[in-house]
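The values are calculated or read from the model by the stated rules, or taken from the named source; none is laboratory data. Predicted, not measured: the structure shown is a model, and the values here were computed from it. No Cβ is skipped: glycine too gets one built from the backbone with ideal geometry, and neighbour counts run over all protein chains shown. Only protein heavy atoms, including side chains, enter the accessible area calculation; ligands, DNA and RNA are left aside. Shrake-Rupley method; radii C 1.70, N 1.55, O 1.52, S 1.80 Å.
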Amino acid sequence: MTKYKLRSAALDVLLRVGDGGAFSHLLLDQTIKSNQVDKKDHALLTEVVYGTIQRKLTLEYFVANFVKKKHKLDPWVQWLLYLSFYQMVYLERVPTYAIINEAVGIAKERGHKGIASFVNGVLRQAQRKGFPTFDSIKDRDERLSIETSHPLWLVKRWIGYYGYEKTRSMCLANLETKPMSIRVQPMQLNQTEAIAELEQDGYEVAPSFFSEQGVIITKGNMLHSQLFQNNQVTIQDQSSMLVAEMMDLQEGMQVLDACSAPGGKTTHIAEKMNNTGRIHAYDLHEKKAKLVKQKAEALALTNIVAKAADSRQLDQYYAPQTFDRILIDAPCSGLGVVRGKPDIKYQKQEQDIHKLATIQTELLKKIAPLLRKDGKLLYSTCTVDREENEHVITAFLNEHAEFEVDPMFFETLPSDLRQSSGISAVGLQIFPDDFGTDGFFLTRLQRKNG
């Protein structure tokens, strides 16, 4: 694929994500497959798409400095300027003349001579004058919002929870690319064997302290690895791996995974149980439940039964105190994973968080009675919002005096996490700037003795 076609494909993705609401990671995968993008071009296409979305508010600020307000730009022209400015500011290895020439070519092809001349003028002006600093933005919160490209409402919300410095640290971390991590299939190989094989193949790797099955990939594309292609490893963030590790699983247990798709945590649970017992995995949609089945089959796991159902109605299928372990990996705002899915921070609004917290609370209330007397319930989200995490758990415990946070949860955390700044009375909040992982919350509940 020529660089011109690559940038044109990137623009198509940006238009559909930025203005059409499509999910960036899904659409990017589709674009790579449908355009038969060469492996050598995967990285550049991914970088310019994710980078432009990640820095959107910053790029809007730059464009506003060179385009007068009276100019009402078509969406594709706006995104073409964002795409071009991203490359000019953040990709040093790409020559500016090539960026401008190809942007002008795309403008001619999609618009007309006047649009091409306009795009050329804006980009040439930016090349001559350079890009503005953020010093002119006097309001501290607004400046942080524009500088790190996080919506102002979100910045203010995080400052209210965690203070300015922690919020700034999180926002900056969200602009960085986190290393990929994988989980080995322990019935096929262990962490040490996987590391040795990957190093022999030229990968740079390190063991994860979050999970004895976890390996961090610091250099190399795992999608091209024989281990991945042979389904001996699963791509999974380290913080996500911590969920199954903290469920205190044993062979032969009856386990409920109430919100299981796409199956990463479900299959990890199955592996921890050495493919014994039974995992009852549910998702609201049949299509998503099918993903869990496919994941289990790929990993040769036979102790998972995946079905579609509203988990708030599982009391119609199961008697009280049926399960030894329950996982509620609750639907959430996803504000802990914006490094990998940057469009999330623009698509979510504050009212969405309130609605999600209501659903999370309902899930806990409906599912908790299915836990056996001596069982354990793990609640997790991939967000850093207290309303979805600490507040949900606190409200549940206040209304259900028979439950408590398992005190052993904190004692059995990996040693590096026991002194984490995210430890609270009701669980553990992992921030994106703490360990180079996704932002994540988890806690473990149990019935009180007596």
Might you let me know whether the stretch 382-391 holds any residue that is in contact with a Gly (Cβ under 9 Å, 6 or more places away or on another chain), surrounded by fewer than 20 Cβ atoms within 10 Å (Cβ to Cβ) and at negative phi? yes
Every residue in the stretch 277-318 that is open to solvent by less than 60 Å² (accessible area, probe 1.4 Å) and in a loop (DSSP other than H, G, I, E, B), please. Gly277, Leu299, Leu301, Asn303, Ala309, Asp310, Tyr318
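Condition check ((1) within 19 Å of Ile269 (Cβ to Cβ); (2) among the basic types (Lys, Arg); (3) touching a helix residue (DSSP H, G or I) at 6+ places or on another chain (Cβ under 8 Å); (4) modelled with pLDDT of 95 or more) across all residues:
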residue	(1), (2), (3), (4)
Lys341	no, yes, yes, no
Thr361	no, no, yes, yes
Asn398	no, no, no, yes
Ser415	no, no, no, no
Asp433	no, no, yes, yes
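Being closer than 24 Å to Gln254 by Cα, acidic (Asp, Glu) and open to solvent by 40 Å² or more (accessible area, probe 1.4 Å): is that true of Glu399 here?
No, not satisfied.
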With respect to the numbered conditions (1) open to solvent by 60 Å² or more (accessible area, probe 1.4 Å); (2) touching a Ser or Thr at 6+ places or on another chain (Cβ under 7 Å), which one is the sole condition not fulfilled by Leu223? (2)
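Just to be sure, is Gln87 open to solvent by 30 Å² or more (accessible area, probe 1.4 Å) and within 22 Å of Ser145 (Cα to Cα)?
Against the criterion (open to solvent by 30 Å² or more (accessible area, probe 1.4 Å) and within 22 Å of Ser145 (Cα to Cα)), Gln87 does not qualify.
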Of the numbered conditions (1) in a helix (DSSP H, G or I); (2) touching a residue at least 40 places away in the same chain (Cβ under 8 Å); (3) open to solvent by less than 10 Å² (accessible area, probe 1.4 Å), Ala270 satisfies every one except a single condition; which is it? (2)
Could you check how many residues of the stretch 175-220 are part of a strand (DSSP E or B), over 21 Å from Lys265 (Cβ atoms) and open to solvent by less than 80 Å² (accessible area, probe 1.4 Å)? 2
Take Lys373 and decide whether it is under 19 Å from Arg325 (Cβ atoms) and either outside any loop (DSSP other than H, G, I, E, B) or without any contact (Cβ under 8 Å) to a residue 12 or more places away in the chain (or both). yes
If only one of Arg157, Arg168, Arg124 is part of a helix (DSSP H, G or I) and either in contact with a strand residue (DSSP E or B) (Cβ under 8 Å, 6 or more places away or on another chain) or open to solvent by 70 Å² or more (accessible area, probe 1.4 Å) (or both), which one is it? Arg124
